Amino acid sequence: AWSAPILLNKITGIRQRWGGRVNDVMLTATVGALGRYLRTRGEMRSGLKIRLAVPFNLRPYQEEIRLGNQFAVIFLSLPLDIIDPVARLKAVRTRMERVKASPEAVANRLLIKLVGWFPRWLEQGIMRLYGTKATAVLTNVPGPEEKLYLAGALIERGLGWVPQVTGIGIGFCVLSYAGSITVGVTTDSGVVAEPAELVAGFEAELAELADTLNQ
């Protein structure tokens, strides 16, 4: 399932008001959506957390684009029981800053690169074990800033999703394009039967954050 296009200016306004980066706002809305999903089913309990796998860009934004990946994966444990979106955003920022200051990102990148040289059977076993460290994955992909055309036809927006690997059953893909963002959600039907419920929760959480700008 995919969200309606979200103006990037709205996300920028939220992060400028409360601090952090665009990715922090996306994480806050994602965790809020998962919390909503559990509360509607009476499965929320105090202190409940979720661990997300988050690809982390290691290449400076001002660096010229080159072929080849320059990213690592960090594992982020975030609280699901914080209802106040601003308080949740602050918690997300704190945890993100702590993880980014640690050597975890570089260590995970080196591990993934090393595993690629192993025999296939060993590589698959290690990656399956690696995947047990997270319940969901969220990736934020910056797309073209200007509108593009294909064979003379305007490309109105892009739809993306996270390739599901190593048994992780929930994936959030945040894709920007020409001043707007679309969030794509992929789920294993045995984990979340209707991914549209998570999309609706994400949009509701983002709307609550946007409402705080008038406070």
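Just a few scattered comments:
- When shorter helices are ignored and each DSSP H run of at least 4 residues is given -39500 (n - 2.57), the per-residue value for the chain at 222 nm works out to -13000 deg cm²/dmol.
- Sequentially through region 25-42, phi angles give Karplus couplings (6.51, -1.76, 1.60; θ = phi - 60°) of 5, 5, 5, 4, 5, 5, 5, x, 5, 5, x, 4, 4, 6, 5, 5, 9, x Hz, Gly and Pro residues having no value and appearing as x.
- Each Lys or Arg adds one and each Asp or Glu takes one away; over the other residues whose Cβ falls under 15 Å from the Cβ of VAL137, this sums to +2.
- Solvent-accessible area per residue for the chain (1.4 angstrom probe, square angstrom): 57
- 15 Å beta-carbon shell around VAL191, net charge (K/R +1, D/E -1): -2
- Ordered from largest to smallest accessible area (heavy atoms of protein chains, 1.4 Å probe), the residues SER77, SER46, SER180 come out as SER46, SER77, SER180.
- Relative contact order (%) - criterion: Cα under 8 Å, at least six apart; region: the chain: 28
- Using a cutoff of 8 angstrom between alpha carbon atoms and counting only pairs six or more residues apart, the relative contact order for region 90-212 works out to 18 percent.
- Taking amide H as placed 1.01 Å from N in the peptide plane, LYS49 has its amide H under 5 Å from the amide H of LEU80, each at least 5 places away in sequence or on another chain.
- The aspartates and glutamates whose alpha-carbon is closer than 18 Å to the alpha-carbon of LYS90, local same-chain residues fewer than 8 away aside, are ASP24, ASP81, GLU205, GLU208, ASP211.
- Amide proton proximity set for SER180, modelled H, under 5 Å, gap of 5+: LEU8
- Range in the chain, longest, excluding exposed GluC sites (Glu not before Pro) [loop by DSSP; at most 12 other beta-carbon atoms within 10 Å]: 65-144
- Cross-link partners of LYS147 among aspartates and glutamates (Cα-Cα below 16 Å; sequence separation of 8 or more within a chain): GLU156
- Between ALA101, ALA29, ALA72, the residue with the greatest mean-square fluctuation in the GNM of the chain (Cα pairs under 10 Å linked by springs) is ALA101.
- Among the protein heavy atoms, those of LYS100 account for about 80 Å² of accessible surface (1.4 Å probe, every chain in place).
- By DSSP, the beta bridges lying fully in the chain are antiparallel in about 75 percent of cases.
- Carbon + sulfur, % of accessible area of the chain - ligands and nucleic acids excluded, 1.4 Å: 57
- Euclidean distance between Cα centres, region 1-52 to region 124-161, Å: 18
The values are calculated or read from the model by the stated rules, or taken from the named source; none is laboratory data. What you are looking at is a predicted structure, and each value in this text was computed from that prediction instead of being measured. Reconstructed Cβ throughout: ideal geometry from the backbone, glycine too, with neighbour counts over all protein chains shown. When the accessible area is computed, the model is the full protein with side chains, heavy atoms only, and any ligands, DNA or RNA have been set aside. Shrake-Rupley method; radii C 1.70, N 1.55, O 1.52, S 1.80 Å.
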